[in-house]
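Visitor: This is the structure, below, for whatever I ask next.
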Amino acid sequence: MKEPERLQGLASRFKPTEELLAEVAAAAKPGLEWCVLRGGYFMNNLALMFGAALKGGAPAIAFPRVTCAPVDTRDIGDAAAALCLLPSEDFAKSYQGAALECSGPEELDFSRVALELGKATGRQVGYSEMGVEAWCEGKPPALQELLRYMVAEGRGAVPFAP
């Protein structure tokens, strides 16, 4: 994570588990190989966020003007499999104890997300910019914190770098 001190709600989801893993690995016999694959902005979250609106015939998705580099969970699984196939000495040299931030290959704004969702669903999907505070209303604090961070920092500010 780029700035865990500024995104404490999000970091709190990862940090305790990663610290425990490091403690367990340190206490284990030598040779325990491990690393962490952190997911960033998941593609399947887009379906959860906008699925009901799209099913209900909404002509546009409404979201603040930010960018993200969505990653598919299957790609994270592929990365994990590739790491498991590395020779031990290569893994130890480059990945032992590391936290790898997984993002998609391209940073998208939400007008592009709407376009891609439209292609995937065979429907025309538009984008409507929504105010940050309007979107944040009723959302969990960690999501509010994340969105405000992304808006404040602008393009490239996603917490998991592409």
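Visitor: Could you count how many residues in the range 1-37 are open to solvent by 50 Å² or more (accessible area, probe 1.4 Å), among the charged types (D, E, K, R) and under 25 Å from residue 145 (Cβ atoms)?
Guide: 6
Visitor: Kindly indicate whether any position in the range 44-60 is out of contact with any Pro (no Cβ under 7 Å at 6 or more places or on another chain), assigned to a loop (DSSP other than H, G, I, E, B) and among the polar types (S, T, N, Q). Reasoning before the result, please.
Guide: Of all residues in the range 44-60, those out of contact with any Pro (no Cβ under 7 Å at 6 or more places or on another chain) come to 44-45, 47-60.
Next, from what is left, pick out any that are assigned to a loop (DSSP other than H, G, I, E, B): 56-59.
Next cut, among the polar types (S, T, N, Q) only: none.
No, there is no match, as no residue in the range 44-60 is out of contact with any Pro (no Cβ under 7 Å at 6 or more places or on another chain), assigned to a loop (DSSP other than H, G, I, E, B) and among the polar types (S, T, N, Q).
Visitor: Of all residues in the range 63-74, which are outside any loop (DSSP other than H, G, I, E, B), at pLDDT 90 or above and surrounded by 17 or more Cβ atoms within 10 Å (Cβ to Cβ)? I'd like the intermediate steps shown before the answer.
Guide: Step one: list which residues in the range 63-74 are outside any loop (DSSP other than H, G, I, E, B), which gives 63, 67-68, 71, 73-74.
Next, from what is left, pick out any that are at pLDDT 90 or above: 63, 73-74.
The one that is outside any loop (DSSP other than H, G, I, E, B), at pLDDT 90 or above and surrounded by 17 or more Cβ atoms within 10 Å (Cβ to Cβ): 63.
Visitor: While we're looking at this one, here's another question. For the range 75-89, name all the residues that are assigned to a helix (DSSP H, G or I), open to solvent by 70 Å² or more (accessible area, probe 1.4 Å) and either within 20 Å of residue 26 (Cα to Cα) or free of Cβ contacts under 8 Å to residues at least 12 places away in the same chain (or both).
Guide: Answer for the range 75-89, where residues must be assigned to a helix (DSSP H, G or I), open to solvent by 70 Å² or more (accessible area, probe 1.4 Å) and either within 20 Å of residue 26 (Cα to Cα) or free of Cβ contacts under 8 Å to residues at least 12 places away in the same chain (or both): 78, 84, 89.
Visitor: Within the range 126-162, work out how many residues are modelled with pLDDT of 85 or more and assigned to a loop (DSSP other than H, G, I, E, B). Please lay out each step first, then the result.
Guide: Step one: filter the range 126-162 for residues modelled with pLDDT of 85 or more, giving 126-152.
From what is left, the residues that are assigned to a loop (DSSP other than H, G, I, E, B) are 130-131, 137-140.
Going through the range 126-162 one residue at a time, the tally reaches 6.
Visitor: Additional query: Does residue 100 satisfy the condition of being within 24 Å of residue 15 (Cα to Cα), open to solvent by 70 Å² or more (accessible area, probe 1.4 Å) and either outside any helix (DSSP H, G or I) or not hydroxyl-bearing (Ser, Thr, Tyr) (or both)? Explain how you work it out, then say what you get.
Guide: Details: within 24 Å of residue 15 (Cα to Cα): yes; open to solvent by 70 Å² or more (accessible area, probe 1.4 Å): no; either outside any helix (DSSP H, G or I) or not hydroxyl-bearing (Ser, Thr, Tyr) (or both): yes.
No: the conditions fail for residue 100.
Visitor: How many of the residues in the range 103-128 are exposed (fewer than 13 other Cβ atoms within 10 Å of the Cβ) and touching a helix residue (DSSP H, G or I) at 6+ places or on another chain (Cβ under 8 Å)?
Guide: 2
Visitor: Give me the pairs, please: first residue somewhere in the range 90-117 and over 30 Å from residue 58 (Cα atoms), second residue anywhere and open to solvent by 60 Å² or more (accessible area, probe 1.4 Å), beta-carbon distance under 6 Å, and either six or more positions apart or on two chains.
Guide: Listed pairs, sorted by first residue: 91/33.
Visitor: Would you pick out the residues in the range 40-77 that are of a type in the set (Lys, Arg) and farther than 21 Å from residue 142 by Cα? Explain how you work it out, then say what you get.
Guide: Step one: of the range 40-77, the residues of a type in the set (Lys, Arg) are 55, 65, 74.
Within the range 40-77, 55, 74 qualify.
Visitor: Does any residue in the range 33-48 that is farther than 29 Å from residue 90 by Cβ come within less than 7 Å, Cβ to Cβ, of a residue that is in a helix (DSSP H, G or I) six or more places away or on a different chain, and which pairs are these?
Guide: 44/73; 46/113; 46/117
The values are calculated or read from the model by the stated rules, or taken from the named source; none is laboratory data. As the structure is a computational prediction, the values presented were derived from the model and not from experiment. We place every Cβ from the backbone using ideal geometry, glycine too, and count neighbours over all the protein chains shown. What goes into the accessible areas is simple: the full protein's heavy atoms, side chains included, and nothing from ligands, DNA or RNA. Shrake-Rupley method; radii C 1.70, N 1.55, O 1.52, S 1.80 Å.
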